[in-house]
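Reading through the structure tokens given below for one structure.
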Amino acid sequence: SAVTWAARAALAGFLLISVIGGAVLLLGVLEVRASLQAAHASMGEVRGALADVDLPQAAEALEAADGELATARARTEGLVWRTSTALPVVRHSTRTVAEVVEVASAAVTLGIGTIEDGGGVLERGLDVEVRDGRVDLEPLVAARDLVQGLPVDQLTAARDRLAAPRSGWVPEVVADGRAEALALADEVVTTVERARDVTTALPGFLGADGSRRYFVGMQTSAHLRGTGGMIGFWGVLGVDDGRFAFGQSDVYDVFEETDGPDGEPTVGRVGALGGPNRPGADADPAFLERYGHLAAHSHFAQVNLDPDLPTVAPVALELFEVRTGQRLDGVVLVDPVGVQQLLEVTGPSLPLPAELADLLELEGDLPTDRFAQLVTVDIYATLGSERGRERNDALRELGDLAFAQVFQGGWDGAAMARAVIAATAGRHLQVYSADGEEQAAFTEIRAAGELRASEDGADRLAVTANNAGGGKQDVHVGHRFDVAIELSDVRRRDDGTLSVRRSATVGVTVDNPLPDAGMDEYIIGNCVIDDDVNRCFEGPPGWNWTWFSVWLPPGTDVVAARTDRDDRVSGLGEFDGYTVVDEYQGTPPQGRAGFQIDAVGRAPARIEDGTLVYELAWWRQAKAIPDLLDVQVHAPEGWTVVDVEVVGGGDGRGMGVHGGGVELRASADAGVARLTGTVTADTRLRVHLTGGSDDG
């Protein structure tokens, strides 16, 4: 009929217009892409110029990027482009490209404003100077004011619009541009947010708004505790308007209860920090249920059994107040590795008084790159169990000298910043503030020593160790962790997110090279005391006793456990959002022993660049020895591993059996992803899979 032919003619005309419009739009997309690529290249020049603190060059590159984006905006605001938004085939592309341009423009505008408003801050940077024990807070305050005033909200809003899910088809070139723009926007927003966190927290923490006092605990890596090591040396750090004062330092020795030089008991000289178990801190009931029988709420040698500093710190602060009557503002924990990282920035050596050098059998000053070795290994060989008073005095003096050299300043600010970042990455330096805003900032920049479960889309796993024998063995042994993960049953949850069933076997092995004789009993002994009061595990010298805890994500079921002795482990429970398996592992001298657990549960997954991604986050306890890892992830049936990414891991070297380091390698072989090597910091394994499908 005439109506049918008219309808067909109209449809044909519409399709012809769509094809022609699509072709014209494609040309426009290519031109816009060229402008975006040119702008991207200019932004690369901006980064390089800022790295060299060449602000004129950075401003020139930003102007070039802005010019290219102006061309792109003109194209997306033209008649053809606006008309194309009505065409069914291409309207999704036009919207996406316009939003990409919007994101890029917002990023460039943010950069231009930063240079215009903060040129002076950028020229000086955060190269903070410390002179005569005082931090110059002026650049921190200026940086705080600059970052808080940055118009990042415009970029965040543009990014969120571009990131919103979309159902229509877009060409690959458009999809790639969208992914690149989102990655750039995320990088810029994250950088600004972290800068805001740092610059908000540091001035107040350093006494810009009034004096602060912090508990500083030196954790010994030779005697492991959850946050790193037993607090064997402590002091109170006072900060007022950037000026440091370190005092009330002392050493706590779990075996030493004889009178000190002043006639008072040693435990009295340290404010009874290691003294009677009562009274104790009024800790959270869950904390008391897990650690109360070990006096973690009432004994400073046990207070940091838990690996999560935000859990430990409030208990430590209250216990300190109970023991001394003093209320402090936060906790700073550092171990010998962290102190050495900071000391190395101050110079090649730590000057020692001649008497101390002679006592330690050193020829002159202490090389700063030998600090950790001296205070965790050499000092116990030189000043062993029969010379406890001399050893404690030497440790106290070494600690005071080391902190004084760091706080004195005069070092390169950028180098010290890098050292602090490296120390916090390995949890060799951890910070807690009683101020909630500051603590949130330390958490955001990963300086807070947290283990709490997070919602970052990763499957988290941690194995922590607590010394259960008393000897200083934990810098000599080796810890090996074998993890085999079988993935299956990919599902889409009701909220649209993906999950996968994870069946895991976690194996823990201790390599103990220590002999049963020939070394000082303070190193190889097990708390066997002459008066038959045994406060630790009994056993002949050389045996290593370690309380291991395997931290599994919430909702995980432990289905089997195997040790070298029988088919069970010491304990199973839940704490701080984790399923926790505990095992007290005994390893004979010059021997090897371990245990395994089998666990099942569901883990998060996601779609990224067209692949299914499963990400395993290995949380690393602060230790002087590296962890030897062997992780295998088996793909679900019908899926193939196409790529493996590794993030973090540290340098993989340290002390102990595996101290020489084993290169960290990741590989993909059809259905299996594998990670092997030694790590000294948190490590993430991202496995990309294709070939299957989820139920959504």
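A few points about this structure:
- One residue alone among Val254, Val270, Val216, Val173 is open to solvent by less than 20 Å² (accessible area, probe 1.4 Å) and at pLDDT below 75, and that residue is Val270.
- Considering residues of segment 287-313 that are modelled with pLDDT of 95 or more and among the aliphatic types (A, V, I, L, M) only, the residue surrounded by the fewest Cβ atoms within 10 Å (Cβ to Cβ): Leu305
- Tally of residues being small (Gly, Ala, Ser), at pLDDT below 75 and open to solvent by 40 Å² or more (accessible area, probe 1.4 Å) across segment 143-170: 2
- Looking only at residues in segment 624-655 that are farther than 21 Å from Val600 by Cα, in contact (Cβ under 8 Å) with a residue 60 or more places away in the chain and out of contact with any His (no Cβ under 6 Å at 6 or more places or on another chain), the one that is surrounded by the fewest Cβ atoms within 10 Å (Cβ to Cβ) is Gly648.
- Figure legend. Inter-residue proximity from segment 507-524: first residues part of a strand (DSSP E or B), second residues open to solvent by less than 60 Å² (accessible area, probe 1.4 Å) and charged (D, E, K, R), beta-carbon distance below 7 Å, spacing 6+ or different chains. Indicated pairs: Gly507/Asp482.
- Residue in segment 439-456 that is among the small types (Gly, Ala, Ser) and not in a loop (DSSP other than H, G, I, E, B) present: yes
- Leading residue by the ranking (modelled with the lowest pLDDT) among those in segment 570-629 that are of a type in the set (D, E, K, R) and on the phi > 0 side of the Ramachandran plot: Asp609
- A count restricted to segment 281-313 and to residues that are in contact (Cβ under 8 Å) with a residue 40 or more places away in the chain and assigned to a helix (DSSP H, G or I) stands at 7.
- Filter pass, Arg196 being within 20 Å of the chain's Cα centre (by Cα), basic (Lys, Arg) and buried (at least 21 other Cβ atoms within 10 Å of the Cβ): no
- So Arg323, is it in contact with a Phe, Trp or Tyr (Cβ under 9 Å, 6 or more places away or on another chain), open to solvent by 30 Å² or more (accessible area, probe 1.4 Å), in a loop (DSSP other than H, G, I, E, B) and of a type in the set (D, E, K, R): no
- Long-range neighbours under 6 Å by Cβ, at least six apart or interchain, first residue assigned to a helix (DSSP H, G or I) within segment 147-164, second among the charged types (D, E, K, R): Val147/Arg196; Ala158/Glu102; Arg161/Glu99; Leu162/Glu99
- Just one of (1) open to solvent by less than 30 Å² (accessible area, probe 1.4 Å); (2) modelled with pLDDT under 95; (3) under 30 Å from Asp630 (Cα atoms) fails for Gly525. It is (3).
- Among residues of segment 419-442, those that are farther than 14 Å from Leu206 by Cβ, touching a residue at least 40 places away in the same chain (Cβ under 8 Å) and within 18 Å of the chain's Cα centre (by Cα), counted: 12
- Among the residues of segment 340-360, just one is of a type in the set (Ser, Thr, Tyr) and in contact (Cβ under 8 Å) with a residue 24 or more places away in the chain, namely Thr346.
- Matching residues, segment 457-504, being among the basic types (Lys, Arg), open to solvent by 50 Å² or more (accessible area, probe 1.4 Å) and either modelled with pLDDT of 95 or more or assigned to a strand (DSSP E or B) (or both): Arg480, Arg491, Arg492, Arg501
- All positions within segment 326-345 that are open to solvent by 40 Å² or more (accessible area, probe 1.4 Å) and either in contact with a Gly (Cβ under 9 Å, 6 or more places away or on another chain) or of a type in the set (Lys, Arg) (or both): Gln326, Arg327, Gln341
- Thr443 meets the conditions (1) open to solvent by less than 10 Å² (accessible area, probe 1.4 Å); (2) within 22 Å of Asp576 (Cα to Cα) in every case but one. The failed one is (1).
- Residue within segment 436-454 that is touching a strand residue (DSSP E or B) at 6+ places or on another chain (Cβ under 6 Å) and polar (S, T, N, Q) present: yes
- Meeting the requirement of 2 or more residues that are among the hydroxyl-bearing types (Ser, Thr, Tyr), the strands (runs of 3 or more DSSP E) wholly within segment 545-653 are 578-587, 611-619.
- Segment 190-219 residues that are within 22 Å of Val334 (Cα to Cα), paired with ones that are open to solvent by less than 30 Å² (accessible area, probe 1.4 Å) and among the acidic types (Asp, Glu) (beta carbon under 8 Å, 6 or more apart): Ala201/Glu438; Gly204/Glu438; Phe205/Glu438; Met218/Asp335; Gln219/Asp335
- Number of the condition not met by Gly660 [criteria: (1) among the small types (Gly, Ala, Ser); (2) in a loop (DSSP other than H, G, I, E, B); (3) more than 25 Å from Gly228 (Cα to Cα); (4) without any contact (Cβ under 8 Å) to a residue 24 or more places away in the chain]: (3)
The values are calculated or read from the model by the stated rules, or taken from the named source; none is laboratory data. Here the structure is a predicted model, which is why all the values come from computation and not from measurement. With ideal geometry, Cβ positions are generated from the backbone for all residues, glycine too; neighbour counts draw on all protein chains shown. Ligands, DNA and RNA are excluded from the accessible area calculation, which covers all protein heavy atoms including side chains. Shrake-Rupley method; radii C 1.70, N 1.55, O 1.52, S 1.80 Å.
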